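Each remark here refers to the structure printed beneath this line.
The values are calculated or read from the model by the stated rules, or taken from the named source; none is laboratory data. What you see is a predicted model, and the numbers here were worked out from it, not measured in a lab. Cβ placement follows ideal geometry from the backbone for every residue including glycine, while neighbour counts extend to all protein chains displayed.
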Amino acid sequence: MTNTASQSLFDTVAFIGMGLIGSSMARRIKRDGLANKITCAVRSEKTRDRVLELGIADEAYCDIKEAVGDADLVMICAPVGANEAIGAQLAGALKKGAIVSDVGSVKQSVIRDIAPHLDEGVHFVPGHPLAGTEHSGPDSGFPELFEERWCILTPIAGEPESATQKVKALWEACGMYVECMDADHHDRILGITSHLPHLIAYTIVGTATDLEDALRQEVIKFSASGFRDFTRIAASDPTMWRDVFLNNREAVLEVLGRFQEDLMALQRAIRWGEGDKLFDLFTRTREIRRGIVDAGQYFTNFSAEGENRQSDEKGKKKPTE
Ligand SMILES: NC(=O)C1=CN([C@@H]2O[C@H](COP(=O)(O)OP(=O)(O)OC[C@H]3O[C@@H](n4cnc5c(N)ncnc54)[C@H](O)[C@@H]3O)[C@@H](O)[C@H]2O)C=CC1
Ligand SMILES: O=C(O)C(=O)Cc1ccc(O)cc1
């Protein structure tokens, strides 16, 4: 999607955390002039220096309160396990009318940890851009990360619609398609489409690593694309993913239970030589993949290695709703 807005949507945007997602957003905002000023709260001096050197923030502070004092929009871009501590720092620190949003991969826990700390007159619009890579830190970001991907907002009852619309406009200017839903629904969907696949990748790479020495060497040497895809996902940030699993516990455990049952059924089919069962399942799953690919390019602008290839196909459809 091309940004047709290319105009300032906020005066000052403050980022809390400037890793892959925060720095990608900041780069996009800078590139397209979507805000007049960017401030950020970053804990380490080295990263503060780096962010300023990269030119993706105008001011970098250690203290969250200093970074957010003048902000019209505060974007929380830290691992979701940090939210309780971040929320406590936001209390009493924001201008009346300021909007707080976030990019966390889990939504119910973010609302639980942030909302109680916000003063009256400050509006909270939780969000989650469904775009990322296995890399982290401010050097890994790039402004095209969000292009033609979905962003989910989970607005809170009682908050003004105008706040949601402003956050929506920013994500659209970053190239995203935006949809709103309940936080509970979000967490169940992402439990199956994102969190479980990461858990499987961590497990399979762990299992391969635990093989005896000689076998492990061969696994690494001959790893074909299927296993290589898993190793890419399993290289994702350990802090971020620990926090995702601890904060979306119920949805992940529910879907993991179902997955284990389905895996057991497959184990049984292999043991008893029930080829028809295997064939039928594999035929169904192949159809699902083909349906996804036919419906749009949601999954196709990422190569197997996760490299974000910008597609040169024109006039692509919006991903399936
Ligand atoms: N990595 C991905 O592909 C995606 C990540 N997300 C979500 O975005 C958020 C950020 O993820 P990334 O940018 O990938 O992580 P990252 O590791 O690249 O960056 C996280 C940043 O947060 C800072 N941070 C950590 N603890 C903090 C604290 N207590 N107070 C202040 N800052 C703190 C770190 O120093 C770092 O600058 C996470 O909540 C994650 O669930 C959402 C979509 C995709
Ligand atoms: O790198 C990948 O394949 C991802 O799946 C990136 C990702 C990670 C976490 C999210 O909440 C959304 C997207």
Of the conditions (1) closer than 26 Å to ARG258 by Cα; (2) within 16 Å of ligand 1 (Cβ to nearest atom); (3) under 16 Å from the mean Cα position of the chain (by Cα), GLY175 fails just one. Which one is it?
(1)
Tell me, yes or no, whether segment 120-128 has at least one residue that is crowded, with 21+ Cβ neighbours inside 10 Å and in contact (Cβ under 8 Å) with a residue 60 or more places away in the chain.
yes
Please indicate, with yes or no, whether at least one residue in segment 62-75 is within 11 Å of ligand 1 (Cβ to nearest atom) and in contact (Cβ under 8 Å) with a residue 60 or more places away in the chain.
yes
For GLY81, are the conditions met, namely being surrounded by fewer than 20 Cβ atoms within 10 Å (Cβ to Cβ) and within 20 Å of the chain's Cα centre (by Cα)?
yes
Failed criterion for ILE99 (all others in (1) buried (at least 17 other Cβ atoms within 10 Å of the Cβ); (2) within 16 Å of ligand 1 (Cβ to nearest atom) hold)
(2)
Restricting attention to segment 7-17, does a residue exist that is under 22 Å from PRO138 (Cα atoms), more than 16 Å from ligand 2 (Cβ to nearest atom) and out of contact with any strand residue (DSSP E or B) (no Cβ under 8 Å at 6 or more places or on another chain)?
no
Could you tell me whether any residue of segment 216-232 is at pLDDT 85 or above and touching a Gly at 6+ places or on another chain (Cβ under 8 Å)?
yes
Single unsatisfied condition, ASP210 versus (1) of a type in the set (Asp, Glu); (2) over 26 Å from GLU250 (Cβ atoms); (3) at pLDDT 95 or above
(3)
Requiring at least 2 residues that are closer than 28 Å to ARG112 by Cα and aromatic (Phe, Trp, Tyr), the helices (runs of 4 or more DSSP H) wholly within segment 212-302 are 238-247
Residue hits (segment 10-49; away from ligand 1 (no atom under 13 Å from the Cβ) and touching a Cys at 6+ places or on another chain (Cβ under 6 Å)) are ARG28
Residue satisfying all of: in segment 118-146; of a type in the set (Ser, Thr, Tyr) and in a loop (DSSP other than H, G, I, E, B); farthest from ligand 1 (Cβ to nearest atom) among these
THR133
Considering VAL100, VAL74, which residue is farther than 19 Å from GLY137 by Cβ, in a strand (DSSP E or B) and out of contact with any Phe, Trp or Tyr (no Cβ under 6 Å at 6 or more places or on another chain)?
VAL74
With the structure loaded, tell me whether ASP72 is of a type in the set (Asp, Glu), surrounded by 19 or more Cβ atoms within 10 Å (Cβ to Cβ) and over 23 Å from PRO238 (Cβ atoms) or whether it fails that test.
yes
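Can you tell me which of ASP243, ASP262 is among the acidic types (Asp, Glu), away from ligand 1 (no atom under 16 Å from the Cβ) and modelled with pLDDT of 95 or more?
Details: ASP243 fails: away from ligand 1 (no atom under 16 Å from the Cβ).
Selected residue: ASP262, the only one of ASP243, ASP262 that is among the acidic types (Asp, Glu), away from ligand 1 (no atom under 16 Å from the Cβ) and modelled with pLDDT of 95 or more.
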Matching residues in segment 8-64 - criterion: being of a type outside the set (S, T, N, Q), over 18 Å from ALA93 (Cβ atoms) and assigned to a strand (DSSP E or B):
ALA35
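Quick check on my filter: what residues within segment 148-193 are part of a strand (DSSP E or B) and under 24 Å from ARG289 (Cβ atoms)? Full working, then the answer.
Going through segment 148-193, the residues part of a strand (DSSP E or B) turn out to be 150-153, 177-180.
Selection gives TRP150, CYS151, ILE152, TYR177, GLU179.
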Can you tell me which of (1) in a loop (DSSP other than H, G, I, E, B); (2) more than 17 Å from LEU145 (Cβ to Cβ) is the one SER105 doesn't meet?
(2)
Can you spot a residue in segment 154-166 that is within 21 Å of LEU118 (Cβ to Cβ), out of contact with any Phe, Trp or Tyr (no Cβ under 8 Å at 6 or more places or on another chain) and within 14 Å of ligand 2 (Cβ to nearest atom)?
yes
